[in-house]
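Written below as structure tokens is the structure these notes are about.
The values are calculated or read from the model by the stated rules, or taken from the named source; none is laboratory data. Here the structure is a predicted model, which is why all the values come from computation and not from measurement. Cβ placement follows ideal geometry from the backbone for every residue including glycine, while neighbour counts extend to all protein chains displayed. For accessibility, only protein heavy atoms count, side chains too; no ligands or nucleic acids. Shrake-Rupley method; radii C 1.70, N 1.55, O 1.52, S 1.80 Å.
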Amino acid sequence: MHIRIGQELAYEGRQRKSTNPPSEAHPSRATDVIVPDHVRIEPFAPVFDELDGSGHRRSRFIAPATALRVGSADGTGGAARAAVGPRVKADRGHVPALDGIRGVAILVVVLYHLTLWGHVIAPIESLWLWTSMGHVGVDLFFVLSGYLITGILYDSRGSSTYLGTFFARRTLRIFPLYFAAVFLFAVLAPYAAPHNPKLHEIAANQIWLWTYTSNIAVAVKNTWVFSGVNHFWSLAVEEQFYLVWPFIVLKLERRTLVRLCFAMAAMAMVFRWLLIAVIPGHDLGTYSLTICRMDALLLGAALALEIRGTPGRAPTGPWATWSRRLAIPAIAAAIFVSFRGVPAEVGTSGTTPLTDVFTPTLWSIGFAGLVSASLVGRTPVARTMRNSVLRFFGRYSYGLYVFHYPMHPIFEKLVPIRSFHSVWLGTAVFVAVGLALSTAVAIASFHLFENRFLALKSRFRTQKGRLSLEPARAKLFTPSPGPRSEPDAAPAE
């Protein structure tokens, strides 16, 4: 069998030699290798296959040169090894900077809620002016989740366990803590405190929590009806995304998926505008419904898909590049528009059609640029996101997200803000104690409870295919993932 590495391969019947002659100007880009029919070849570099104009399958190696592992057909491991050119291997590992982004998102969300509760007790207008925008941490979570989930799905499309592995691993990561929390706050807590009206409000509406539809309940009732677990609406959005998106990724090719991402992201703005126009006053629907928040998820997804079409999986495509260029202008525009809608009093929506329709997309564009910049190793953004403190909070972000909100009555009892001579000092202590206690509970939850289920994820791994050259035919799969970090579902209100 005669194959060419680095350019294009075409197979017809038993064998077919590449029709492209070696390039003298770039001799390292194409090398002829004689491979016996009884061996198999496993590629290290990203590959994909397509049909050429004559109907023959054509395999394209993305990397300029590729290393090959040559082994016996029976897979006994006593194989010889041949390397052609420099070994090029896609980054299959953990990306620390993405943990840092998750850490930024959870800190923004927690700071928002802590200062919100502090503002209710002892208002500080100048502080609330800025922290009132902290709810956008959820947009950062959505963009990051869209990027990570789509990358995992696209990279495993050739697996025979594509759907089973994905749903099993997501279930082990998300369900145990989520349903334990629902049982605690919707069943046990109301039973233990029968005269607490807020807990009984949760119990009365718990069906929405058990079915991951609390975001729909918020939109239908146009009010927050879950008291200490109001923030679970964003987990519902992500779960609904997980239920639909894997099937779409499986069926469509990459370029079509990218176009679909941008089209549906634009449609999210249309859906928000229609909801405002058709049902005036129901602004919570524009905030909580999945169809109104899918722009963040899909702009992150588009970034993951585009990267998988570039040489070496580098963030150098049009969207990756332009999202970085537009990040600062988009975030600045979002802040400007948000200032126009800052509520004068806590409890009022403070939103306008302008903020409801356009601001989520502006934040999403900016955050997509942040994710893209974090994938470029030498940028200041990437170095900042690799900070150990941010990565620490990113690691425990799911537990922090779940527990910090329902714990706020404890914070208020431990730190009575008005007992301090300075409202600023009282608020600072309140925020510090709230963050410390929430983090402690999150750490305990992760190591004592969540880890027991996370350990089971190793039983559900994607069965990656390999390039197998046989006398009569060739089988080609796409086994090489790009940069990724295992995602958590940790967006918050």
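Things worth noting here:
- Scanning the range 293-309 for residues that are touching a residue at least 60 places away in the same chain (Cβ under 8 Å), more than 30 Å from Ile216 (Cβ to Cβ) and not hydrophobic (A, V, I, L, M, F, W, C) gives a single hit, Arg308.
- Taking the criterion of being of a type in the set (Gly, Ala, Ser) and surrounded by 23 or more Cβ atoms within 10 Å (Cβ to Cβ), the residues of the range 298-319 that qualify are Gly300, Ala301, Ala302, Ala304.
- One residue alone among Gly151, Gly146, Gly134 is in contact (Cβ under 8 Å) with a residue 24 or more places away in the chain and more than 26 Å from Glu253 (Cα to Cα), and that residue is Gly134.
- Residue check for Arg259: closer than 14 Å to Thr361 by Cβ, under 22 Å from the mean Cα position of the chain (by Cα) and at pLDDT 95 or above: no
- Screening the candidates Val278, Val270, Val258 for the property of being out of contact with any Gly (no Cβ under 7 Å at 6 or more places or on another chain) and in contact (Cβ under 8 Å) with a residue 60 or more places away in the chain yields one hit, Val258.
- All conditions in (1) surrounded by fewer than 17 Cβ atoms within 10 Å (Cβ to Cβ); (2) among the aromatic types (Phe, Trp, Tyr); (3) more than 17 Å from the chain's Cα centre (by Cα) hold for Tyr162, with the sole exception of (1).
- Selection status of Leu354, assigned to a helix (DSSP H, G or I) and closer than 28 Å to Gly434 by Cα: no
- When the range 112-128 is filtered for residues that are touching a residue at least 60 places away in the same chain (Cβ under 8 Å) and more than 19 Å from Ser422 (Cβ to Cβ), the ones remaining, listed by number, are His113, Leu116.
- The range 214-255: number of residues that are in contact with a Gly (Cβ under 7 Å, 6 or more places away or on another chain) and open to solvent by less than 30 Å² (accessible area, probe 1.4 Å): 1
- When Ile174, Ile149, Ile124 are checked against the criterion of being over 19 Å from Ala301 (Cβ atoms) and of a type outside the set (S, T, N, Q), a single residue qualifies: Ile124.
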